[in-house]
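Engineer: Mind looking over this structure? Questions follow.
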Amino acid sequence: MGPAGRDRTQFTNMRIAFIGGGVMAQAIISGVKDAGLDASIIVGEPFEARRESLKSDLGVEVTASNREAIAGADIVVLSVKPQQLEAVAEELDGALNADQTVLSIMAGVKIHSIGLKLNHTKLIRVMPNTPAQIRKGISAWTASDDVEQATLDFVASMLSAIGDELKFSDEKNIDIATALSGSGPGYVFVFIEALTDAGVELGLPVHVARHLASQTVLGSAALQRESGKHPAELRNMVTSPGGTTAAGLAALEMGGFRANVADAVRAAFERGEELAGGK
């Protein structure tokens, strides 16, 4: 049984409390509502202007008190910055019910650390990414062993409302996903910038170059996903011997493009481990 003796074998009218109402919280809330999931939502948010915006734009209940927000909740979503965890834990001290599930979207903070801070065991860790704002995200997630199946099923549905979701049994994969897909949009945006700059340098208007670059990235990713072909096969299909693409790819290889991308992901992973303190 869950909060107030609720039956937790079904996820009917799931009560979700968000601690923090920032961009990612808003993306998830919007996705849940648009997907028509059976859920009631309240957001604990310290800033009055944001509370008013959440209430008017998303139609959710709001409060300035996190303790008030989590009262009776089935799922408590920690949608705050990692450095705010200590303060949130102090505020929630003694307020969490043992049957409630805490879901964290804080980057780099491991389940063990969250459990110690909150003195809680039912925990889910999620690493979404920013395309979730347009329902095109990818969320990597894992859960502690004692989270009920009904809650796991609901979380899978909730994350599917903002894009794709991948559940892992090994939490280390979440740390890797943080470096790859969590930080990945940043790498892709730099690539779009670089393509745009190259087009402008060669004479295209900036808005035209940016359109060509972004649509090329979007279309190429969609082609790979929908065709199921290996990226190398698709690359070969567009590369003629002695042609323009071959010349461009040769320049990328000479510049260490592949190694640079791998280095970026590795650096992000290592930085995440540093911030987590190896916990």
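Engineer: Distance check, please: which entries in LYS136/LYS172; LYS122/LYS172; LYS55/LYS81; LYS55/LYS117; LYS81/LYS110; LYS136/LYS167 exceed 20 angstrom between their Cα atoms?
Structural biologist: Numbers: LYS136/LYS172 24 Å; LYS122/LYS172 18 Å; LYS55/LYS81 22 Å; LYS55/LYS117 30 Å; LYS81/LYS110 13 Å; LYS136/LYS167 17 Å.
As for pairs spanning more than 20 Å Cα to Cα, those are LYS136/LYS172; LYS55/LYS81; LYS55/LYS117.
Engineer: Grab the beta carbon distance between GLN215 and ARG67, set R0 = 45 Å, and tell me the FRET efficiency rounded to 0.05.
Structural biologist: 0.40
Engineer: Now a separate question. With the calculation restricted to Cα positions, what are the radius of gyration and Dmax of the chain in angstrom?
Structural biologist: 21.5, 71
Engineer: Ordered by packing density, taken as the mean number of other Cβ atoms within 10 Å over each peptide's residues, highest first, how do 236-248, 133-145 rank?
Structural biologist: Ranking, from highest mean packing down: 133-145, 236-248.
Engineer: How long are the three semi-axes of the equivalent ellipsoid of the stretch 184-276, in whole Å, if each is the root of 5 times an eigenvalue of the C-alpha gyration tensor, listed from largest down?
Structural biologist: After scaling each eigenvalue by five and taking roots: 25, 19, 15 Å.
Engineer: What nm value, rounded to one decimal, do you get for the distance between GLN224 and ASN119 when each label is placed 7 Å out toward the C-beta?
Structural biologist: The two pseudo-label positions are separated by 4.8 nm.
Engineer: While we're looking at this one, here's another question. Taking H placed 1.01 Å from N in the peptide plane, check which residues at least 5 places from ALA140 or on another chain put their amide H under 5 Å from its amide H.
Structural biologist: Long-range HN contacts for ALA140: MET127, LEU166.
Engineer: Looking at the chain, do any whole DSSP H helices span at least 18 angstrom along their long axis by alpha carbon and average 0.5 or above on Kyte-Doolittle, and which? Spell out each step's value before the answer.
Structural biologist: Numbers: long enough: 184-201 (26 Å, 0.82); 206-227 (31 Å, 0.08); 257-276 (29 Å, -0.14).
Span-like helices in the chain: 184-201.
Since every read-out is calculated from the coordinates, none of them should be taken as a lab result. Just so we're clear, the structure is a prediction, and the values are computed from it rather than from any experiment. In this analysis, Cβ positions are derived from the backbone assuming ideal geometry, glycine residues included, and neighbour counts consider all displayed protein chains.
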